[in-house]
Every structure is written in C-alpha cells, then in structure tokens.
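Student: Would you mind keeping the following structure in view while I ask a few things?
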Amino acid sequence: MFNVVGLNEFAGMANGNLHCWLCQKAVSTRALFCHHCGTIQPLRDIDHFARLGLERRIDIDMELLEHQYAALSRTLNPQRFMIRGMGERSHAAKQLEALNESYEVLREPLRRGRYWLSLNEKEFKKATDTHPFVKELRHELDTAAEPCQCDRVAQKAGQALQEGIMGLMQALRGQKWQEANAALIELDGLEAILGDVRSRRTKLTPEHDNKGGISGVE
Ligand SMILES: [Zn+2]
C-alpha cells in the first residue's frame, strides 16, 4: 500500500493535451506513470505541492509530507529502473531530483514561505529596505570586539528568526503579501547575519585559543 501511495491520484484525470511518450495515450500532468502502459513519464511543470501529492496550502501536515516523500522516493528509486531503457532511467532520475528539491522547499518553513509568496505574487511593491533591527544587529556584529559579543548577536538573531518565521506564516495565511514580503526581507537579513557570526567570531578568537590547552572541544 505504501508503495502505491498517491499513484492513483497521480494517474488521475488526463487533460487531453499530454500524451505518454511511449504509448501516446493521454496522461494527466501529475501522472508519474502512464495509466495505460505504466511507463514513467517525463518531468512536468507542476508545483512543489502537486509533486508531493499534497493540497496547495501554506500550512502543511509534516507527517504527511514525510510519508509522501518516503513513498515517492521508493517508487523512484534508481534500482527499480536499472533494467529499463535509457529513456525511462533518465525520466526517473529527473523525477527523483525534482522530488528532492520540492521536498526540501516544503519542509523548511522559510523556503516554503518564500515559495508561497512567489506562487501568490500579486501587484505589490517589493520592499527592499533593510529592516531597522537587522541594521542594528549588523552594526553590533561588525563592531564586536569579543567573541561573546558575537554570541549575543547570534542569540538575538536566532530568536528573531524564530519569531519572524511565525510572523511570516501568519501574514501568508492572512494573504497580507506586503507584510509577508517585508518579513522575508528581515528573515533574509537575519540569516545572513547568522552566517557571518561564525567568521567574525573566528577572527576575534586569538590563535592560541584555537590550538592551545583545551583539546577535544571540536
Ligand atoms: Zn503509456
């Protein structure tokens, strides 16, 4: 049962425009396999939700996501296509690659939020200004003279990131696109700061601290 999860739905309605590359019968956009001959289909331009067989919603059931991903990965396992022809092997590989990408986007709230905004992008003016709090943290990091100051910046940025993701989700649920866009810009800034904390910290840590006394800390 696990192995065929979603396949009925995936083979679902044929839309009349697409045809199986092998038997030429009609197939649906979402079909992984041809309903008639069972052959794997080429990669189609469908959204990440459809690729995982999920409803298109900002809040997703993580358990269902994991379940769908596991089942579809097994279905697309390269070993299953080893004795198939070049065409089928290549379609399966591309399908698997796209599946992995869709899964990565959907499981990360921030990436999912960004993707959701791009799916729903309307006529709004994209904010580009750096968020005041991000500016403040950036300044704090750039002028940090001690490693512990870097740690404090990291802590503040990490906390703001968690809160920001919740705010982003709320804005997206309420279809407040401007607000969501502003939240994303702040979150991007916070992520960049978190990325820079490490290198700044390394610069501030005297070399003998890295090499000396305490071993096994790494
Ligand atoms: Zn076919």
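Student: Calculate the spin-label point distance for Met86 paired with Glu66, positioning each point 7 Å from the Cα along the beta-carbon direction, and give it in nanometres.
Tutor: Here the modelled spin labels are 4.1 nm apart.
Student: Need one number: nm distance between label points at Asp188 and Glu136, each 7 Å from Cα along Cα→Cβ, rounded to one decimal.
Tutor: That separation, rounded to one decimal, is 2.2 nm.
Student: Please work out how much length the chain gains when fully extended from Glu97 to Asp129, using 0.36 nm per residue of separation minus the C-alpha to C-alpha distance, in nm with one decimal. Present the calculation step by step, with values, prior to reporting the outcome.
Tutor: Values: separation 32, 0.36 × 32 = 11.52 nm, distance 3.52 nm.
Extending this stretch completely gives an extra 8.0 nm.
Student: Using a Förster radius of 30 Å, what is the FRET efficiency between Arg152 and Thr29 based on their Cβ-Cβ separation? Nearest 0.05, please. Working shown, then result.
Tutor: Values: r = 51 Å, r/R0 = 1.69.
So, using R0 = 30 Å, E works out to roughly 0.05.
Student: Under the Karplus relation 6.51 cos²θ - 1.76 cosθ + 1.60, θ = phi - 60°, what is the ordered set of whole-Hz ³J(HN,Hα) values for segment 34-40, x standing for Gly and Pro?
Tutor: 5, 5, 9, 10, x, 7, 4
Student: Shifting gears a bit: Ranked by Cβ crowding within 10 angstrom, fewest neighbours first, how are Arg74, Arg200 ordered?
Tutor: Sorted ascending by nearby Cβ count, the order is Arg74, Arg200.
Student: May I pose another question? Just to verify a number: FRET efficiency for Asp45 and Ser199, C-beta to C-beta distance, R0 = 25 Å, to 0.05?
Tutor: The pair Asp45/Ser199 has a calculated efficiency of 0.05.
Student: Right, next: Along the Cα-to-C-beta direction of Gln170, a point sits 7 Å from the Cα; which residues of segment 91-117 have their amide N less than 18 Å from that point?
Tutor: It comes to 109-110, 113-114, nothing else.
Student: For Phe33, list long-range residues whose amide hydrogen, built 1.01 Å from N in the peptide plane, is under 5 Å from its own amide hydrogen.
Tutor: Amide H neighbours of Phe33, under 5 Å, 5+ apart: Gln41.
Student: In 5 Å bins starting at 0, how do the alpha-carbon pair distances of segment 132-209 split up by percent?
Tutor: Final binned percentages: 3, 17, 24, 19, 13, 10, 7, 4, 2, 1, 0.
Where a number appears in this text, it was derived from the coordinates with a stated rule and is not lab data. Keep in mind that this is a model prediction, so the values were computed, not measured. We place every Cβ from the backbone using ideal geometry, glycine too, and count neighbours over all the protein chains shown.
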